[in-house]
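*Asks:* Sharing a structure below in structure tokens format, with a few things to ask.
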Ligand code: NDP
């Protein structure tokens, strides 16, 4: 297999990866960044980002990521297409396989691989994938203009997606398994007061049906209780917004992770237990998961990488 030596390898192209790249580039580490499965990361699947400092009018996710990429490239980061498919972090230089065809031997590695949307685990989600089932309202919402859709979840993502879809669809059901929303108060208010959104509290989805794509969902209210009710709703689209799984699989044999798979770092730093290997952004953050906190940890990771290299005289 072809090999290449790099001083600083950054895996992932969300706010953490690009910020690490900006700092590593400015510190002359000649970083190489692999974009991964979803170039630009999760923010490319959101619409308006209103809470990233510096944008008083807001900015779209894809525009923000494009700006970050350009800024990283301006300071010499080589941004490449490619997915890290295997890792050997047992000894330095660390070996990361890209697309199963090339090995990067890296003196420092910044893991900023983010997290991926979760599904309920219903067979029907697979059956109707691309035919009415989606985990990205901003990617697929366009297809549901003037139609009826459902969003599953009660967090900020679910509320955001429901509001976005309500701007396109004729009606949006928000399916929430508990009797309350977990989302921030401002998002809750927007959802509850939206004339096109109907929140179905204490509801679970048992399955989907339809001949040529989703035509409806089998619902259960207060599952397992004495007053449990089962009925169907007619929908054209079914959107999942129930959280994410960290993309840490290939690193798990070497770094510490929690039970969900989030990489555990040392104290408040992005240092993993492998010297010279750092984790930044959502792959190591089960709690804040914000673009700005990811960017902050990317900055820390690059600073740590620079310190590590200079201490080792590399
Ligand atoms: P969360 O983990 O906050 O919420 C997940 C939601 O999905 C919960 O309501 C949960 O229900 C529900 N859920 C999980 N599994 C299932 C299941 N099997 N069946 C039915 N429902 C299920 O994830 P989010 O993606 O919403 O948010 C992640 C983080 O990102 C949060 O910290 C959030 O605040 C932040 N965020 C911030 C935004 C912003 O500030 N603009 C926008 C989007 C996200 P239950 O409550 O019962 O566990």
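The values are calculated or read from the model by the stated rules, or taken from the named source; none is laboratory data. Keep in mind the model is a prediction, meaning the values are calculated, not measured. Neighbour counts run over all protein chains shown; Cβ positions are idealised from the backbone, glycine included.
*Asks:* Taking region 152-183 as the search range and keeping residues that are within 6 Å of the ligand (Cβ to nearest atom) and part of a loop (DSSP other than H, G, I, E, B), which one is surrounded by the fewest Cβ atoms within 10 Å (Cβ to Cβ)?
*Replies:* 178
*Asks:* Here's another thing I want to ask about it. Just the residues that are assigned to a strand (DSSP E or B) and more than 16 Å from the ligand (Cβ to nearest atom), please, taken from region 221-230.
*Replies:* 229, 230
*Asks:* Which members of region 1-49 meet the condition of being assigned to a strand (DSSP E or B) and more than 19 Å from residue 101 (Cβ to Cβ)?
*Replies:* 7, 8, 10, 48, 49
*Asks:* Also, quick follow-up: Based on what the data block shows, is residue 98 free of Cβ contacts under 8 Å to residues at least 60 places away in the same chain and surrounded by 14 or more Cβ atoms within 10 Å (Cβ to Cβ)?
*Replies:* No.
*Asks:* Tell me which residues, restricted to region 255-285, are crowded, with 18+ Cβ neighbours inside 10 Å and assigned to a loop (DSSP other than H, G, I, E, B).
*Replies:* 255, 262, 265, 270, 272, 274, 276, 280, 285
*Asks:* Given the options 125, 78, name the one that is touching a residue at least 24 places away in the same chain (Cβ under 8 Å) and under 23 Å from residue 242 (Cα atoms).
*Replies:* 125
*Asks:* Is region 37-53 home to any residue that is at pLDDT 95 or above and on the phi < 0 side of the Ramachandran plot?
*Replies:* Of all residues in region 37-53, those at pLDDT 95 or above come to 53.
So of that shortlist, the ones also on the phi < 0 side of the Ramachandran plot come out as 53.
Within region 37-53 (the criterion being at pLDDT 95 or above and on the phi < 0 side of the Ramachandran plot), the answer is yes, since at least one residue qualifies.
*Asks:* In region 286-304, which residues are within 16 Å of the ligand (Cβ to nearest atom) and either in a helix (DSSP H, G or I) or in contact (Cβ under 8 Å) with a residue 24 or more places away in the chain (or both)? Don't jump to the end; show me each part of the working.
*Replies:* Applying the first criterion (within 16 Å of the ligand (Cβ to nearest atom)) to region 286-304 yields 286-297.
Passing the criteria: 286, 289, 290, 291, 292, 293, 294, 295, 296, 297.
*Asks:* Considering every residue within region 56-75, establish whether at least one is buried (at least 20 other Cβ atoms within 10 Å of the Cβ), out of contact with any strand residue (DSSP E or B) (no Cβ under 8 Å at 6 or more places or on another chain), in contact (Cβ under 8 Å) with a residue 12 or more places away in the chain and assigned to a loop (DSSP other than H, G, I, E, B).
*Replies:* So the first thing to find is which residues in region 56-75 are buried (at least 20 other Cβ atoms within 10 Å of the Cβ), and the list is 61, 64-65, 68-69, 72.
Among the residues that remain, those that are also out of contact with any strand residue (DSSP E or B) (no Cβ under 8 Å at 6 or more places or on another chain) are: 65, 68.
Those left that are additionally in contact (Cβ under 8 Å) with a residue 12 or more places away in the chain: 65, 68.
Remaining after also requiring assigned to a loop (DSSP other than H, G, I, E, B): none.
No, there is no match, as no residue in region 56-75 is buried (at least 20 other Cβ atoms within 10 Å of the Cβ), out of contact with any strand residue (DSSP E or B) (no Cβ under 8 Å at 6 or more places or on another chain), in contact (Cβ under 8 Å) with a residue 12 or more places away in the chain and assigned to a loop (DSSP other than H, G, I, E, B).
*Asks:* Out of region 118-133, which residues are more than 16 Å from the ligand (Cβ to nearest atom) and part of a loop (DSSP other than H, G, I, E, B)?
*Replies:* 128, 130, 131, 132
*Asks:* Which residues, counting only those in region 209-220, are under 30 Å from residue 289 (Cβ atoms) and either more than 14 Å from the ligand (Cβ to nearest atom) or free of Cβ contacts under 8 Å to residues at least 60 places away in the same chain (or both)?
*Replies:* Correct list: 214, 219, 220.
*Asks:* Here is a follow-up. Of 242, 186, 233, which residue is at pLDDT 95 or above, within 11 Å of the ligand (Cβ to nearest atom) and either over 20 Å from residue 157 (Cα atoms) or part of a helix (DSSP H, G or I) (or both)?
*Replies:* The conditions single out 186.
*Asks:* Something else about it: Take region 1-39 and flag every residue that is closer than 18 Å to residue 83 by Cα and surrounded by fewer than 22 Cβ atoms within 10 Å (Cβ to Cβ).
*Replies:* 1, 2, 3, 4, 5, 6, 35, 36, 37, 38, 39
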